[in-house]
Amino acid sequence: TVFDVALSEAQKGALIVAGFDGSDVDDHTALILCDVTTGFTWAAGIWNPAEHGGKVPHDQVNGALDDAATTYKLLRLNADPPYWKDEIADWEGRYGSEVVHEWPTYRNRVMGFAVRDFATAISSGQLTHDGDLTFAKHIANAHRKELNERDDKGVRLWTLQKERAGGPDKIDAAVAAVLAWEARLEVIAEGALN
């Protein structure tokens with residue numbers, strides 16, 4: 001599947017959504033933004049704890065989210081809660097519970113549908129990105145994990161996994177991008193573009 005690069009960028013004040021996949025010391029942490037109108041997607045930040053003394057810099061993550069909320073109109077943030085429950089509660093206080101949503105990725109059926117929506121958006125060219133190499137590498141590192149769950153037509157769902165558990169190839173930005181794309185679909189369904 002081709003992950004198309006767009007030569008544009010979101011304009012100041014644009015309607016955006018975000019996806020967040022956080023770790024603390026082992027995996028990377030990623031905050032991915034998506035322009036609701038265009039489907040243009042980019043990394044507000046991807047943090048490797050090894051580059052920050054072995055721990056993800058929470059202040060930088062908070063700063064990146066604050067910058068996004070200040071520069072654009074943040075309509076929704078879907079955040080995977082493990083390791084970041086306190087920060088997510090703080091974000092709800094800052095941006096509102098109508099904006100910040102806990103979105104646990106361990107829910108296989110729900111995640112399977114979200115991954116399918118994301119894969120469809122990539123293959124159809126609806127979703128583009130800014131060419132960030134780390135972001136693209138995380139997408140390329142994501143492998144298909146077949147689920148036992150099926151959709152209403154009996155088609156088997158799948159989600160994302162690393163090539164091997166505990167391996168060095170990270171997929172956190174891919175997971176965050178799935179959450180951002182799902183947030184885009186949610187706000188469009190609620191009338192954001194009307």
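The values are calculated or read from the model by the stated rules, or taken from the named source; none is laboratory data. Note that this is a predicted model, so its numbers are computed, not measured. Note that we place each Cβ from the backbone using ideal geometry, even for glycine, and neighbour counts take in every protein chain shown. Remember, those area values only see protein heavy atoms, side chains included, never the ligands or the DNA or RNA. Shrake-Rupley method; radii C 1.70, N 1.55, O 1.52, S 1.80 Å.
Assorted remarks:
- Residue list for segment 9-31, restricted to those being part of a loop (DSSP other than H, G, I, E, B), touching a residue at least 40 places away in the same chain (Cβ under 8 Å) and among the hydrophobic types (A, V, I, L, M, F, W, C): Ala10, Ala14
- Enumeration of residues in segment 96-126 that are in contact with a helix residue (DSSP H, G or I) (Cβ under 7 Å, 6 or more places away or on another chain) and either among the aliphatic types (A, V, I, L, M) or in a helix (DSSP H, G or I) (or both): Val100, Ala114, Val115, Asp117, Phe118, Ala121
- Residues in segment 32-86 that are part of a loop (DSSP other than H, G, I, E, B) and among the small types (Gly, Ala, Ser) were compared, and the one that is farthest from the chain's Cα centre (by Cα) is Gly53.
- Criterion violated by His58 - all others in (1) touching a residue at least 40 places away in the same chain (Cβ under 8 Å); (2) surrounded by fewer than 23 Cβ atoms within 10 Å (Cβ to Cβ); (3) touching a Phe, Trp or Tyr at 6+ places or on another chain (Cβ under 9 Å) satisfied: (1)
- When residues of segment 128-174 are limited to those that are assigned to a strand (DSSP E or B) and touching a residue at least 60 places away in the same chain (Cβ under 8 Å), the one surrounded by the most Cβ atoms within 10 Å (Cβ to Cβ): His129
- Condition check for Lys162: more than 23 Å from Thr38 (Cα to Cα), modelled with pLDDT under 90 and under 17 Å from the mean Cα position of the chain (by Cα): yes
- Qualifying positions in segment 28-43 - out of contact with any Lys or Arg (no Cβ under 6 Å at 6 or more places or on another chain) and open to solvent by less than 40 Å² (accessible area, probe 1.4 Å): Thr29, Ala30, Leu31, Ile32, Leu33, Asp35, Gly39, Phe40, Thr41, Trp42, Ala43
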